[in-house]
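Below: the structure, in structure tokens.
The values are calculated or read from the model by the stated rules, or taken from the named source; none is laboratory data. The model shown is predicted, which means the values in this text are computed figures rather than measured ones. Ideal geometry is used to build each Cβ from the backbone, glycine not excepted, and the neighbour counts take in all protein chains shown.
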Amino acid sequence: MKNTALTATHEALGAKMVPFAGYNMPVQYEGVNIEHEAVRTGVGVFDVSHMGEFLIEGPNALDLIQKVCSNDASKLTVGKAQYSCLPNDDGGIVDDLIVYRVKDETYLLVVNASNIEKDWNWISSKNDVGADMRDLSEDYSLLAIQGPKAVEAMQSLSSHDLSGIKFYNFVVGDFAGIEHVIISATGYTGSGGFEIYCKNNEVKQIWDKVVEAGAKPIGLAARDTLRLEMGYCLYGNDIDDTTSPIEAGLGWITKFTKTFTNSEALEDEKRRGPKRKLVAFELDERGIPRQGYDIVDSSGKTIGNVTSGTMSPSLAKGIGLGYVPTIFSEVGSKINIQIRKNAVPATVVKLPFYKG
């Protein structure tokens, strides 16, 4: 089990620690609902240092990224970031990731913790253009400072105008007394804020100052309820090697203005229309949908399964995502979630669930 540079800090705060993607991570401190509410209404800080970071550099860096990523990275200027995915050869997804253009010929790829080795091997296998690749995952830490009060609370920690950093843009500058950190207006909660990339030996100072400035420590359990209320996909749940970006609703990051891994087949799938789609649903009655529960039609026939589900702290109702045949995917469609012996009625809804 690996530790982040802040594991001892989390333990000292009384966090409940759990194994996650090979790391010893804080799942909660005071409780999921309290932490969830703190991010929706104030400001919270997550240690997400388990995420992976790859640096891809050189005159052919963009060529490699264009080949392996579904989104069009040629649109990125220095200081901009982009959500993307790595399609595999069979119509599925190797991983989802964020691509940052740090300099003209330097890109930072941020990948999921559980997929670091898999992604590295995949991208390396496609690197016949001689791009320089470095895995920085073991050397860097990542904090997500999220919530509507993030700018106000954190402004005293940086000489940069934090309110001026637009969504999916970033600056390299000073933060909490440390020079040359990446301050990125990204995050997976839907409540605004920043992600801070720094070296492992710098993160404790930054964490302490961020907490001192008013951010509440938040665990991975609340991170999951927050991202689910926005309908953001979680790799391993809602997307994986067997789900295509088209059926997962990620057509918006799948750009056919260029060729990339399996682009021809994916373009054909988009043209024909996928046989199934990832839908968002709300339960019409009390209950909590869980990952793996069957989705059934009115006659009790299994038509799909829940990929993510929870009791939404903001809406106080059961919400979830799952794949169903396309005929059940229209907003307003009625489906049922098999919760033990009961088929609980649910309605397909438009994302996001939470509209703060």
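A few notes on this one:
- Matching residues, the stretch 3-41, being over 18 Å from the mean Cα position of the chain (by Cα), part of a loop (DSSP other than H, G, I, E, B) and surrounded by fewer than 16 Cβ atoms within 10 Å (Cβ to Cβ): 3, 13, 14, 31
- Only listed residue being out of contact with any Asp or Glu (no Cβ under 7 Å at 6 or more places or on another chain) and at pLDDT 95 or above, chosen from 158, 163: 163
- Count of residues meeting criterion [hydrophobic (A, V, I, L, M, F, W, C) and closer than 17 Å to residue 80 by Cα] in the stretch 145-196: 12
- Residue 178 being under 30 Å from residue 103 (Cβ atoms) and outside the structural domain of residue 64 (by TED's automatic domain parsing): yes
- In the stretch 58-82, the residues that are within 14 Å of residue 96 (Cβ to Cβ) and of a type in the set (Val, Ile, Thr): 68
- Cβ pairs under 6 Å, 6+ apart, first in the stretch 1-17 and over 19 Å from residue 212 (Cβ atoms), second of a type in the set (Asp, Glu): 4/47
- Residue match in the stretch 87-100 (condition: over 15 Å from residue 119 (Cα atoms), surrounded by 22 or more Cβ atoms within 10 Å (Cβ to Cβ) and small (Gly, Ala, Ser)): no
- Count - residues of the stretch 204-261 that are part of a helix (DSSP H, G or I), aromatic (Phe, Trp, Tyr) and out of contact with any Ser or Thr (no Cβ under 7 Å at 6 or more places or on another chain): 1
- Test set (1) in contact with a Ser or Thr (Cβ under 7 Å, 6 or more places away or on another chain); (2) at pLDDT 95 or above; (3) farther than 24 Å from residue 245 by Cα - residue 353 fails condition number: (3)
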